[in-house]
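These notes concern the structure reproduced below.
What follows is calculated from the coordinates using simple rules that are stated; it is not laboratory data. Just so we're clear, the structure is a prediction, and the values are computed from it rather than from any experiment. Positions of Cβ are backbone-derived with ideal geometry, glycine not excepted, and every protein chain shown enters the neighbour counts.
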Protein chains: 4
Amino acid sequence: MLNLAVFGAGRIGHVHATNAASLPSIRVRYLVDPIESEARSELAEKVGADIVEAAQVFADPSINGVVIASSTDTHAALLIEAARVGKAIFCEKPVSLDFATVETVTDAVERSGVPCLLAFQRRYDPDFRFVRDRISDGTSGPLEHIVMHTRDPAPPPRAYVERSGGMFRDQAIHDFDIARYLLGEEIVTVYAVGNCLIDPEIGEAGDIDTAMVTLTSASGRFVQMINCRRAPFGYDQRLEALCAHEVLYVENRPQRGVLIADADGFRASPPMNYFIERFSTAYRAEMSAFIDLIRTGAEPLATIRDGLEAQRIAEAAVKSVATGLPVRIGSNWRP
Amino acid sequence: MLNLAVFGAGRIGHVHATNAASLPSIRVRYLVDPIESEARSELAEKVGADIVEAAQVFADPSINGVVIASSTDTHAALLIEAARVGKAIFCEKPVSLDFATVETVTDAVERSGVPCLLAFQRRYDPDFRFVRDRISDGTSGPLEHIVMHTRDPAPPPRAYVERSGGMFRDQAIHDFDIARYLLGEEIVTVYAVGNCLIDPEIGEAGDIDTAMVTLTSASGRFVQMINCRRAPFGYDQRLEALCAHEVLYVENRPQRGVLIADADGFRASPPMNYFIERFSTAYRAEMSAFIDLIRTGAEPLATIRDGLEAQRIAEAAVKSVATGLPVRIGSNWRP
Amino acid sequence: MLNLAVFGAGRIGHVHATNAASLPSIRVRYLVDPIESEARSELAEKVGADIVEAAQVFADPSINGVVIASSTDTHAALLIEAARVGKAIFCEKPVSLDFATVETVTDAVERSGVPCLLAFQRRYDPDFRFVRDRISDGTSGPLEHIVMHTRDPAPPPRAYVERSGGMFRDQAIHDFDIARYLLGEEIVTVYAVGNCLIDPEIGEAGDIDTAMVTLTSASGRFVQMINCRRAPFGYDQRLEALCAHEVLYVENRPQRGVLIADADGFRASPPMNYFIERFSTAYRAEMSAFIDLIRTGAEPLATIRDGLEAQRIAEAAVKSVATGLPVRIGSNWRP
Amino acid sequence: MLNLAVFGAGRIGHVHATNAASLPSIRVRYLVDPIESEARSELAEKVGADIVEAAQVFADPSINGVVIASSTDTHAALLIEAARVGKAIFCEKPVSLDFATVETVTDAVERSGVPCLLAFQRRYDPDFRFVRDRISDGTSGPLEHIVMHTRDPAPPPRAYVERSGGMFRDQAIHDFDIARYLLGEEIVTVYAVGNCLIDPEIGEAGDIDTAMVTLTSASGRFVQMINCRRAPFGYDQRLEALCAHEVLYVENRPQRGVLIADADGFRASPPMNYFIERFSTAYRAEMSAFIDLIRTGAEPLATIRDGLEAQRIAEAAVKSVATGLPVRIGSNWRP
């Protein structure tokens, strides 16, 4: 039996807590969330956890691992503390909106030697893994370039935007991560354009809602990304990997398997809406991987350093939009 | 230079005349249609033909072949006459609505030895030929069963229905032909149900608008057909051939290559509407085959005997609906 | 807290037991299966059930309902006994391979007044329900005809075939049920052809592997079914409902959302393989419906009488193949 | 009757000459091509043209228009001469590989007042027009961004590459044009990356085979382009236009309408291969538009100035790859 503590009783905390609780021989012992709410009580009851303060988690030697799914501004301190007391860590991205803090925390966690999985769930999605495996085993031939589309179903509320760190750090960071993951090498040039074309409130909050990004890798390969805060049909999350022998497309997953045909044509269902549903399998696999990491030390698909490197690209994209120029980056580059 | 005469200045006569005229070294010398109309004048001018009586065609030794695309009740006499004077024949189905006449004419044409192509254009469609070739060359493995859908975009006018010979002889005859063509053997049992579910006028004209047919072949393989006078999205003409190694589907061809996505989902274009457009390539290939038949004797894909055999199945389907029983047929069976 | 007992530790018993156990406030108290096996022990442990004899289940007043997922030859006796002692019943189809027994048991269960859900899971599938709802609420316009395809991925082992009751009672019974369900009326004529075209072992076991069925409803509407023990690409389970305003297609669900493009074209993933995976959502919904039935008396989507009526059609199909003739049925018809 | 002269007996000259010849009341009077070849003789015979020198065309007052489909290095002089003598002009892109020449010739043609259609055939394609019309009439809502993919089926021969002016001027120029056409405004910033990743011979010829381009329009909207000299599945030519109410996708057109299903999944046909086939309808429409331009003065969809503006973007892309920086352009910018 392994004992876990979950930080955060919001949407994504709910996903991770219930996934953990459904696994055999896993107990969600504690739930930590400073805000008293019905959601918190219900989640605690559902998974059989006690609602406690963070200090109690870190002081309890029976706790094997912590799941950090609380608000972004709490991540860094929780990571540091977990590393200090030696708890295995499952952490939602981003580590911090401040890049220097990300670097400090990453170093601290790595030095501590605690097992740590960064929750880039797309790496655990069966479709993305299929693509990755097929490229890795040579079936597809050398990967030549990548195109990614990430569009949210609708602009987020202004309050969310204001705390999000901006579209690159909040949304596009998953694409930056997948670019590195599939290419198997680092990005050296980032060019991004961004604008507020859809929702004026996003502009007033100082953010953009539409962006296009071009990445160049160390070996001279290219990635293009289209990022947007709205798609008229719902959540749009696709990838196209052009390899020498074949092209691999990760398509959207439809809500329904029913096709409707009338005088306007053949209508397929909109895609699953939204990431919680689209990546439900990935979230379960990710939690299983965390358990394996604790039990057997099996390497996670994404580490805290992967989080740092994806965020470095996000920082470069922010700078590129601000300056109108491409940004060259390397392991020493910081914003 | 080959000289042709075309009988019939209607929709399908227009297709065949213009296809013939567009071929190198082919001259559409005569157009025969008893009804004076703008369509007739325009077609004659377009292809450079003289409008004449049938007798002139058959008396003119420069005419190498005749295209019979006039009304069904004229086919038999034109076939007999063309066979008598030795003109190559391209004939639209059906030969006659009276099965005994079909038999008499078929025998006469065959005895005359004139080259004769029966216009089952589906056999000349690239998609159907692809399926046929892939089965014939063994790629697909043995053909085990067939499912076909034929639905018109909208019920035809009552006047058309009254002259059509009924849905089996008029529409389903193409499916009966394709069944024989792909199976490569004869049908021995026909069961059909039919009803007037869509357009009461069709029922008043003594016909059905919805039918389902089950065919059993000599070797015990099965075919199912769905035939209907309406599909809400337009013309529906599909085939599914289940073979031991793979399934082959002939799909509808979309009008446009544009997909539209909104909150209701992803909308593909309705199919081409209607057979004139869907089978435009087939009609051209069929006319080329007729020219090859005249020039080199190259065997046509469908003969007048194929017309007779398809119609025999249609007659059995009519009887099956009338009696509520399956009908066993053989080469001596007649209605 | 409701207490259930599950009969049968095989594939489908496993599905139902684990679905029940995952629901809040449901306890799978007993597992009954006469055959000692690792599967039985593991399932009992997984859901926390005791392995007991049937008698203990029926004698225990704390048991609220029984799930009958044992071998077909045990269903009738378990249904009779559960009805006698007043336990709510969830029963896998078929009730019995002997139609007279089905009638006797159905009458007994109905007379007893115990709540009883017959496990036609397709009625609980979100896609089939979407179709049903859209027809029921008038969106699609009147339903005019139905086409269904059910093909297994591969022929079952001979031992399975021998105990199955034959393809109509074992596999096609789901299609017969959906036909009644969507049409909302009874079937009055059944014509079926069947043959052993794929696997000679099935023929040696006295069964068929390929069948085509035509049903006519009381109001004169038609249904066509294609049933087969093999599809080259895996499990093929589709429906096409032609209505006056639109056509609704229940499509196969793909295994993966990855498209692969190379010189041979664009390749989409094979469908989910097999019914356990394809209908996993339906199985969960069905178990929830059973709990609702116990708790609130909410009517199930399928009753034991629906099982009887679907089986009546299956019996008529068997007779049609044997006689080569359509079979007219009514509420008094029996084989 | 209108008389035309066609310059160039190569692949595209063949398309335009035969399309012109197939139109009613159009005569292809002359064919001009300095290279004696079988192709030239056959084309002349097919369309009934005399093979003559350019001078004869310009001296013959019966010639109403010229079709310039000869090698790129001849375009400028032919345009100047046609403008001088007052012949209507149909001209293949590009006007010249030298931008200053493009400007000079454009000015000269415009000053002459001769009707002139620039052959950006994509504007005449029914699918692209459908998209354009649907945006223009307000159905789709405001256009927010565009993504385009253009990949050739296979790298061209080195000799072609050397004369082509490079991938941006030769291939991507169509995408630059469509960007302007759909946006309805000018491009002000161009960022491009390019590399030789596929075919070393292209690199030796000083060109690139893979490029990604980001365009920003005057009003701040974005366009992304993926351009490549190879796609593993054939010719890839797609567009995605995200508008406020819907997304419009111009898809590839399949070679066949047959789907093949086996254990590896469902395989759709590769796309039409290559532009001659994919845009055959567009080429016919374009020639009809040229005839309308001569006859009625109906404005063409693309003018010589559109050619100049698309090429300005191409020049900026070339510079961007060379400098690694985005290039700001305006109506006075030149390379």
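Calculate one ³J(HN,Hα) per residue across region C:65-77 by plugging θ = phi - 60° into the Karplus curve 6.51 cos²θ - 1.76 cosθ + 1.60, and present them in order as whole Hz with x for glycine and proline.
Result, rounded to whole Hz: x, 10, 10, 9, 10, 8, 5, 3, 5, 9, 4, 4, 5.
What distance in nm lies between label points placed 7 Å from Cα along the C-beta direction at B:GLU277 and D:THR281?
0.8 nm
State the percent of C-alpha pairs, over all pairs in the protein assembly as shown, separated by a distance greater than 60 angstrom.
Looking at the protein assembly as shown, the distances longer than 60 Å represent 25 percent of pairs.
Based solely on C-alpha atoms, express the radius of gyration and the Dmax of region C:284-335 in angstrom.
Cα-based Rg and Dmax for region C:284-335 come out at 16.0, 48 Å.
Using only Cα atoms, what Kirkwood radius does region D:2-114 have, in angstroms? Walk me through the intermediate numbers first.
Working: mean 1/r = 0.0716 Å⁻¹.
Averaging 1/r across every pair of different Cα atoms and inverting gives 14.0 Å.
Calculate the length of the line joining the C-alpha centroid of region C:120-147 to that of region C:246-271, in whole Å.
If we compute the Cα centre of each part, the gap is 23 Å.
What does the helix-only formula give at 222 nm for chain B: each DSSP H stretch with n ≥ 4 adding -39500 (n - 2.57), the total divided by the residues, and the result rounded to the nearest 500 deg cm²/dmol?
My calculation for chain B gives -11500 deg cm²/dmol from helical runs alone.
With 5 Å bins from zero, work out the P(r) of region A:104-253 over every alpha carbon pair and list the percent per bin.
For region A:104-253, the binned pair fractions read 2, 9, 17, 19, 18, 15, 12, 7, 2, 0 percent.
Dimensions of chain A along principal axes (Cα, Å, largest first)?
55, 55, 47
So for the pair A:SER288, D:ALA218, with labels modelled 7 Å out along Cα→Cβ, what separation do we get in nm?
Roughly 5.7 nm, to one decimal.
Given the pairs B:LYS46/B:LYS87; D:LYS93/D:LYS319; B:LYS93/B:LYS319; A:LYS93/A:LYS319; A:LYS46/C:LYS93; B:LYS46/D:LYS87, which are separated by over 22 angstrom at their Cα positions?
Numbers: B:LYS46/B:LYS87 24 Å; D:LYS93/D:LYS319 20 Å; B:LYS93/B:LYS319 20 Å; A:LYS93/A:LYS319 20 Å; A:LYS46/C:LYS93 34 Å; B:LYS46/D:LYS87 29 Å.
Distance filter (> 22 Å) returns B:LYS46/B:LYS87; A:LYS46/C:LYS93; B:LYS46/D:LYS87.
What fraction of the Cα pairs in region C:127-174, stated in percent, has a spacing above 18 angstrom?
Counting pairs separated by more than 18 Å, the tail of P(r) holds 50 percent.
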